[in-house]
There are 2 protein chains.
Amino acid sequence: MTKSDVKYIQSLAHKKQREEEGLFVVEGVKMVDELLLNFPDRIVRIFAIETWINDRTEIVKKYNSINCIDLQFLERVSFLQTPNEVLALVSMPTIELIPSFSNGLTLVLDQIQDPGNLGTIIRTADWFGVKQIICSVDTSDAFSPKVVQASMGSLMRLSIFYLELDSVLKNLGEVPIYTAELNGESLFDLEFRQPFVLVIGNESRGVSEKISKLATKKITIPKLGNAESLNASVAAGIILSHASR
Amino acid sequence: MTKSDVKYIQSLAHKKQREEEGLFVVEGVKMVDELLLNFPDRIVRIFAIETWINDRTEIVKKYNSINCIDLQFLERVSFLQTPNEVLALVSMPTIELIPSFSNGLTLVLDQIQDPGNLGTIIRTADWFGVKQIICSVDTSDAFSPKVVQASMGSLMRLSIFYLELDSVLKNLGEVPIYTAELNGESLFDLEFRQPFVLVIGNESRGVSEKISKLATKKITIPKLGNAESLNASVAAGIILSHASR
């Protein structure tokens, strides 16, 4: 591993650089093992300590680009607080040019700003079989290191678009748009029928006004206690679970 | 504000010190305003910048112990990345000596280690009207700064116990114990009838074996997609929402 490798990996902290290179960083034993199992062709380069490599001699034979590094190097390039044996450079998924709304459930994220929340939402969406997520252009970037770690592999299975939400949502024809809000109809009274679009809003401000206006129906998770709000990823999980019941 | 004030506030980062003093730290405009509105008697001392105090002259009249500080001091004592105008020392809620299981729903947390997850679970439990949470002794401390910020006020409304889970759960008599696991009965097929106990397990290892053995029923959130697991707070929210349907 050279100085220029260090600089190169560090540069992938920036969205512009990730897009230019078509690469993002995946870290840690668990995550890289999942990649090796499910998406081996996506791995472009691996940097790992000796013990990690020795434990996987069969698997890693296939890769020309494995770099054995020491822990000190890993610590220099890692985005984790506690670097964990291995780091991989992974090619970004290629997605369709235009999302399709005619099947299934599309999750729309309106200004989700916390990377941990975004990663958790991606993982939750993958649990419930969601295939595409449309993010507002001011939602956190899905391939930034914190989102990648929180999404735990699910990132690879979904198509994630960044688009101007109002122009997209204005052109859905018959497909209903449900927005998660504090003053809507009870989630428990709703019968979901696919295709539909579910909009989850910003962590503190909720769904923005111009998007809320486009809603076919506003839906609310009934509150029995006193909390002021629910975390965005918890709200997404609850609604997705009821929609898939 | 004196040097000893700074040291004193910093010392409340430690659980032992919080318990000795019976105090914890709440920060930020939104959280302290909620306290002033709902739990004014719990506030022992306020440290705020001038503009915060000037905007609340009527409310703050009642308090003898408001200290006007500058931003620099706030930055020195704050546990937040971006300190926000005000910090309050708040007395810990006094709770019953022994939890009661004969009514409602008791949430049990088995080794929840991430403070953000714990805070989010507390907030979610409060949304669904849960009144008591039993934490294993190795669950993160509910009054640590990160949990307090993530729980957003809900911490004040619930009784939170730290106990040896297996000895508690062994003595519940007729009250059913449901554990959230990956290989249980579908959540969607269950009819919840209170009182009952719901156990949420560790972020990566799930419910521990000795607790799982005590389950009346293991329950699973049906998976339609491919994610390996759900975040602990998302899982808690989903099960609580179905239990309150």
Cβ charges +1 (Lys, Arg) and -1 (Asp, Glu), total dipole of chain A, debye: 180
Working from Cα positions, state the angle (0 to 90°, nearest 10) between the long axis of helix B:115-127 and the longest principal axis of chain B. 80
Between residue B:67 and the same site in the other copies, what are the distances in nm, shortest first, taking label points 7 Å from Cα along the C-beta direction? 5.0
Note on the range A:40-131: contact order normalised by length, alpha-carbon pairs under 8 Å, 6 or more apart, percent, works out to 30
Rounded to the nearest Å, the spacing of the alpha-carbon centers of the range A:62-94 and the range B:147-199 is 39
Where a ≥ b ≥ c are the square roots of the eigenvalues of the C-alpha gyration tensor, would you call the range A:3-91 rounded, which needs a/c under 1.5, or, failing that, prolate if a/b is larger than b/c, or oblate? oblate
Calculated from backbone phi, Karplus (6.51, -1.76, 1.60) coupling profile of the range B:70-85 in Hz, x at Gly/Pro: 9, 4, 4, 5, 4, 4, 5, 9, 5, 9, 8, 5, 10, x, 9, 6
Inter-label distance for residue B:217 and residue A:7, nm, one decimal - labels placed 7 Å from Cα along Cα-to-Cβ: 6.2
Per the C-alpha gyration tensor (a ≥ b ≥ c, the square roots of its eigenvalues), the range B:113-245 is rounded if a/c is under 1.5, else prolate if a/b beats b/c, else oblate; here it's rounded
Expected output is a single nm value to one decimal: the length gained when fully extending between residue A:103 and residue A:70, i.e. 0.36 nm times separation in residues minus the C-alpha distance. What is it? 7.1 nm
How far, in nm to one decimal, is residue A:164 from itself in the other copies if the label point is set 7 angstrom along Cα toward Cβ? Shortest first, please. 6.5
Count neighbours as other Cβ atoms within 10 Å of each site's Cβ, and list the trypsin sites (Lys or Arg not before Pro) in the range B:57-112 that are DSSP loop with at most 13 such neighbours. B:61, B:62
Give me the one-decimal nm value for the distance between modelled label points at residue A:190 and residue A:55, 7 Å along each residue's Cα-to-Cβ direction. 4.3
Mind checking which lysines have their Cα closer than 17 Å to the Cα of residue A:30? Skip sequence neighbours fewer than 8 apart in that chain. A:146
Mind giving me the nanometre distance, one decimal, between the label points for residue B:16 and residue B:96, set 7 Å out from Cα along Cα→Cβ? 3.2
So, relative contact order of chain A in percent, Cα under 8 Å, 6 or more apart, is 19
If you build a Gaussian network model of chain B, linking Cα atoms that sit under 10 Å apart, which residue out of B:105, B:224, B:190 swings the most? B:224
When each copy gets a label point 7 Å from Cα toward the beta-carbon at residue A:146, what are the spacings between them in nm, shortest first? 1.2
Mean-square fluctuation maximum in Gaussian network of chain B, Cα pairs under 10 Å, restricted to B:59, B:211, B:46, hits B:59
Of B:16/B:62; B:170/B:218; A:170/A:213, pairs whose Cα-Cα distance is over 20 Å: B:16/B:62
Just the accessible area for residue A:14, please: 1.4 Å probe, Å², rounded to the nearest 10? 120
The range B:63-82 residues near the modelled residue B:41 label - backbone nitrogen below 17 Å, point 7 Å along Cα→Cβ: B:63-64
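The values are calculated or read from the model by the stated rules, or taken from the named source; none is laboratory data. Since we're looking at a predicted model, the values are computed, not measured. All Cβ positions, glycine included, derive from the backbone under ideal geometry; neighbour counts span all protein chains shown. Protein only, heavy atoms only, side chains kept; ligands, DNA and RNA dropped before computing areas. Shrake-Rupley method; radii C 1.70, N 1.55, O 1.52, S 1.80 Å.
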